[in-house]
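Asks: My structure is below; once you've seen it, I'll send some questions.
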Amino acid sequence: MFISNLEKENIHTGMLNLHSEVAKLKTDLLVLTAKIKVLEERKPEATKPARKKKPMTAAQKAKQRQYQKAYNERKKAQAMATKLLTEETNVST
């Protein structure tokens, strides 16, 4: 069977490309196995158990509602001021 020189060169370059890809994959495999080994050796950090919340009294609930209402109003006013400021700068430019 006759194989031309061009076909031989194509096969040869293909093999060289495959060898370089295999070398890259071997390196990646080595790096990933090292990372896995490091992660497996790490000890999980001790976590504190969640504290149970104390039940709130009616007065505490009312105070919390009042605080939350004031906070939301402040945030809304701040958002409105930012919106007006951006609109003014857009109009002036």
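Asks: Give just the number: which of (1) more than 28 Å from the chain's Cα centre (by Cα); (2) surrounded by 10 or more Cβ atoms within 10 Å (Cβ to Cβ) does residue 26 not satisfy?
Replies: (1)
Asks: To continue, here is another question. Would you tally the residues in the range 36-93 being among the charged types (D, E, K, R) and assigned to a loop (DSSP other than H, G, I, E, B)?
Replies: Residues of the range 36-93 among the charged types (D, E, K, R): 37, 40-43, 45, 48, 51-54, 61, 63, 65, 69, 73-76, 83, 87-88.
With the extra rule that they be assigned to a loop (DSSP other than H, G, I, E, B), the set shrinks to 42-43, 45, 48, 51-54.
Residues in the range 36-93 being among the charged types (D, E, K, R) and assigned to a loop (DSSP other than H, G, I, E, B): 8 in total.
Asks: Then there's this: I'd like to verify a number: residues in the range 23-53 that are at pLDDT below 85 and among the hydrophobic types (A, V, I, L, M, F, W, C), how many?
Replies: 2
The values are calculated or read from the model by the stated rules, or taken from the named source; none is laboratory data. The shown structure was predicted, so the numbers you read here are calculated from the model rather than taken from an experiment. Backbone-built Cβ (ideal geometry, glycine too); neighbour counts: all protein chains shown.
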